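Peer 1: First the structure, which I've put down as structure tokens, then a few questions once you've had a look.
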Amino acid sequence: MYDFAYQKPGSVADAVKALAADPEAKALAGGMTLIPVLKQRLNHPSVVVDLAKTGLSGITAGAGSVTIGAMTTHAAVAASAEVRRIIPALAALAGGIGDEQVRHRGTIGGSLANDDPAADYPAAALALGATITTNKRAIAADDFFQGMFTTALEADEIITSVTFPAPAAANYQKFRNPASRYAIVGVFVARFPAGVRVAVTGAGQGGVFRHAAMEAALSANFSPDAIAAVTTPAGDMNSDIHASAEYRAHLVGVMARRAVAAAS
Amino acid sequence: MPQVSLTVNGTQHTVEVENRTLLVELLREKIGLTGTHVGCDTSQCGACVVHVDGTSVKSCTMLAVQAEGANVTTIEGLAAADGTLHPMQEMFREHHALQCGFCTPGMVMSAIDLVQSHPEGLSEHQIREGLEGNLCRCTGYHNIVKAIAAAWPLMHGKTMPAAAE
Ligand SMILES: Cc1cc2nc3c(=O)[nH]c(=O)nc-3n(C[C@H](O)[C@H](O)[C@H](O)COP(=O)(O)OP(=O)(O)OC[C@H]3O[C@@H](n4cnc5c(N)ncnc54)[C@H](O)[C@@H]3O)c2cc1C
Ligand code: FES
Ligand code: FES
């Protein structure tokens, strides 16, 4: 690992200042992605700005929504009575990320900011129509994810919290890589009075995406049968040593039907 | 040089480190506690698991400077001063839950956190899921699972209720 300077500011304002002062500075949350990346020398920040003392951890239940502080760990979301009550599918998703020790450190803000194409939280944020709040503004999930490892965040912008509207029903199904536990394909289905939203992670070449054909079919008829004939073009899918594009396209349908069946 | 002050197995240490020093490097190389192992570069094997403020974490994926002020427990901190093993260590021995022993320190640290955080009981399935972050290349896990189930009543001082999953 290359060496770097290290700061642990006591407020969001000071953390933003530290990031703004140096284009090579990098925020550190749980470190479950950043530290392995640093170990492989794939990144060489001048300053690592630790967000641990910025007070961004915690869960608040609102009227028909739940707001999760950016530094809240996956373990805390999985165990939260509020999240389990308001959006059980979100608590279950958090409890299925990585392993116990990854969940003890990894955070929702870090996961969304990182936007790994195989990560779980982006599917939840997109399907639930979450709002990502930063030190500067509120960003709709539809505008936040901009292709793999790419988000709307600016270099000196810190996610402070994420607000998820409560759906009438929701479920997340992940076909996971048995070694890393990341999604080979993950499908989050959320049913709202205004319609159904379906987000797919792990599969797409451009990262997490909404499945318009499935959303239309499920908004008309919320049942696994409604999407039995809906196909997913393999040309848009990722292909790697874990799964071919054709296999991923097939899995999108299987995971979506399972999610609908479990959410109904 | 940056300094880190932390408590390891009840003893206060102030150590000079680099900002890039990992917690596991601090433990092994600066404090000489080599019971915590390093088995991978990818944060996947769990050989390095220690407790930081009572919670199991991968010490290879935490900077030493992040542990400033923390209370760390390693495998060396489990046995009593007179050498009496922690019930989890004792059950690993009794149930032959190790062969080469490389994964064992991390397994034991993860297992203790798992049992402590499930006062309502643990099913075999929950134990297996709880060990997802720990890889063992020797035992096939079966005896590890048995040892953890056997340690639960010893750690909680009562028989394990039939776990509701
Ligand atoms: C063995 C292993 C298995 C895993 N399995 C899964 C899995 O199954 N599913 C899954 O989804 N993920 C998985 N992960 C990733 C894990 O969820 C990470 O915790 C997460 O991706 C990053 O969160 P973090 O808090 O650790 O962020 P860090 O690693 O600290 O940071 C990641 C990036 O986000 C930036 N960042 C962090 N916080 C903020 C913020 N508040 N505002 C702006 N930028 C910020 C950082 O600068 C950095 O670029 C796994 C990781 C490991 C090591
Ligand atoms: S050494 Fe493998 S997870 Fe830490
Ligand atoms: S006992 Fe050898 S790796 Fe587990």
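The values are calculated or read from the model by the stated rules, or taken from the named source; none is laboratory data. Being a predicted model, the structure only gives us computed values, none of them experimental. Here the Cβ is made from the backbone with ideal geometry for all residues, glycine too, and neighbour counts use every protein chain on show. Protein only, heavy atoms only, side chains kept; ligands, DNA and RNA dropped before computing areas. Shrake-Rupley method; radii C 1.70, N 1.55, O 1.52, S 1.80 Å.
Peer 1: Can you give the log10 of the normalised intensity I(q)/I(0) at q = 0.11, 0.13 Å⁻¹, computed with Debye over equal Cα scatterers of chain A?
Peer 2: The Debye formula, applied to the Cα set alone, gives -0.58, -0.80.
Peer 1: While we're looking at this one, here's another question. Largest first, how would A:Asp156, A:Asp120, B:Asp82 line up by accessible area (1.4 Å probe)?
Peer 2: Largest to smallest exposure gives the sequence B:Asp82, A:Asp156, A:Asp120.
Peer 1: Over chain A, calculate the relative contact order: mean separation of alpha carbon pairs under 8 Å at least 6 apart, over the residue count, as a percent.
Peer 2: That works out to 15 percent.
Peer 1: Just how large is the dipole of the stretch A:59-165 about the Cα centre, in debye to the nearest 20, putting +1 at every Lys and Arg Cβ and -1 at every Asp and Glu Cβ?
Peer 2: Dipole size: approximately 380 debye.
Peer 1: For A:Lys8, give me every one of the lysines with a C-alpha distance below 27 angstrom, ignoring sequence neighbours fewer than eight places off in its own chain.
Peer 2: Within the straight-line cut-off, A:Lys8 pairs with A:Lys17, A:Lys26, A:Lys39, A:Lys53, A:Lys136, B:Lys30, B:Lys58.
Peer 1: Within the stretch A:122-216, which trypsin sites (Lys or Arg not before Pro) sit in a loop by DSSP and count at most 11 neighbouring Cβ atoms inside 10 Å?
Peer 2: Hits after loop and neighbour filter: A:Arg137.
Peer 1: Please compute one quarter of the surface area of the Cα convex hull for the stretch B:31-165 and express it in square nanometres.
Peer 2: Computing the convex hull of the Cα atoms and averaging its projections yields 8.6 nm².
Peer 1: Measure nothing but the geometry: give the 0 to 90° angle between the long axis through the Cα atoms of B:104-116 and the longest principal axis through the Cα atoms of chain B, rounded to 10°.
Peer 2: 70
Peer 1: Identify which of B:Met109, B:Met62, B:Met88 has the largest mean-square fluctuation in a Gaussian network model of chain B, with springs joining Cα atoms closer than 10 Å.
Peer 2: Highest fluctuation of the listed residues: B:Met62.
Peer 1: 5 Å is the cut-off here: which amide hydrogens, built 1.01 Å from N in the peptide plane, fall below it relative to A:Tyr6, excluding neighbours closer than 5 in sequence?
Peer 2: Amide H to amide H, under 5 Å and 5 or more residues apart or across chains, A:Tyr6 pairs with A:Val48.
Peer 1: Continuing with the same structure: Please report the accessible area of A:His44 (heavy atoms, 1.4 Å probe, ligands and nucleic acids excluded) in Å², nearest 10.
Peer 2: 100
Peer 1: Top mean-square fluctuation among A:Gln205, A:Gln40, A:Gln146, Gaussian network model of chain A, C-alpha springs under 10 Å?
Peer 2: A:Gln40
Peer 1: Summing -39500 (n - 2.57) over the DSSP H runs of n ≥ 4 in chain A and dividing by its residue number, what mean residue ellipticity at 222 nm do you reach, to the nearest 500 deg cm²/dmol?
Peer 2: Taken over chain A, the calculation gives -9000 deg cm²/dmol.
Peer 1: Kindly express, to the nearest 10 degrees and within the range 0 to 90, the angle between helix A:12-21's C-alpha long axis and the longest C-alpha principal axis of chain A.
Peer 2: For A:12-21 against chain A, the angle is about 80 degrees.
Peer 1: Let me ask something else. I'd like the distance between the alpha-carbon centres of the stretch B:57-99 and the stretch B:2-23, rounded to an integer number of Å.
Peer 2: The distance from the Cα centre of the stretch B:57-99 to that of the stretch B:2-23 comes to 17 Å.
Peer 1: Just want to confirm a number: the relative contact order over the stretch B:27-165, from Cα pairs under 8 angstrom separated by 6+ residues, in percent.
Peer 2: Rounded, it is 26 percent for the stretch B:27-165.
Peer 1: Run the simple label-point estimate for B:His125 and A:Gln40 please: 7 Å along Cα→C-beta, distance reported in nm.
Peer 2: The two pseudo-label positions are separated by 3.4 nm.
Peer 1: State whether the stretch B:87-164 is rounded, prolate or oblate according to the following rule on the C-alpha gyration tensor (a ≥ b ≥ c being the square roots of its eigenvalues): a/c under 1.5 gives rounded; otherwise a/b larger than b/c gives prolate, and the remaining case gives oblate.
Peer 2: Here the stretch B:87-164 falls in the prolate category.
Peer 1: Quick one: grab the alpha carbon gyration tensor of the stretch A:86-153, order the square roots of its eigenvalues as a ≥ b ≥ c, and give me rounded if a/c is under 1.5, else prolate or oblate depending on whether a/b is larger than b/c.
Peer 2: Note, shape of the stretch A:86-153 comes out prolate.
Peer 1: Once you've got the GNM for chain A with C-alpha springs shorter than 10 Å, pick whichever of A:Ile159, A:Ile139, A:Ile184 has the biggest mean-square fluctuation.
Peer 2: For chain A, modelled as a Gaussian network with Cα springs under 10 Å, the answer is A:Ile139.
Peer 1: Provide the FRET efficiency to the nearest 0.05 for the B:His13-B:Arg93 pair, computing r from the beta carbons and using R0 = 25 Å.
Peer 2: 0.30
Peer 1: Taking θ as phi - 60°, what are the ³J(HN,Hα) couplings along the stretch A:158-166 by the Karplus curve (6.51, -1.76, 1.60), each to the nearest whole Hz, with x for Gly and Pro?
Peer 2: 10, 5, 9, 7, 9, 10, 10, x, 6
Peer 1: Okay, moving on. Please find the FRET efficiency linking A:Ala220 to A:Gln146, where r is the Cβ-Cβ separation and R0 is fixed at 35 Å, and quote it to the nearest 0.05.
Peer 2: Between A:Ala220 and A:Gln146 the formula returns 0.75.
Peer 1: Then there is this: Based on Cα positions only, what radius of gyration and what Dmax would you give for the stretch A:5-50, in angstroms?
Peer 2: So, for the stretch A:5-50, Rg and Dmax equal 10.4, 30 Å respectively.
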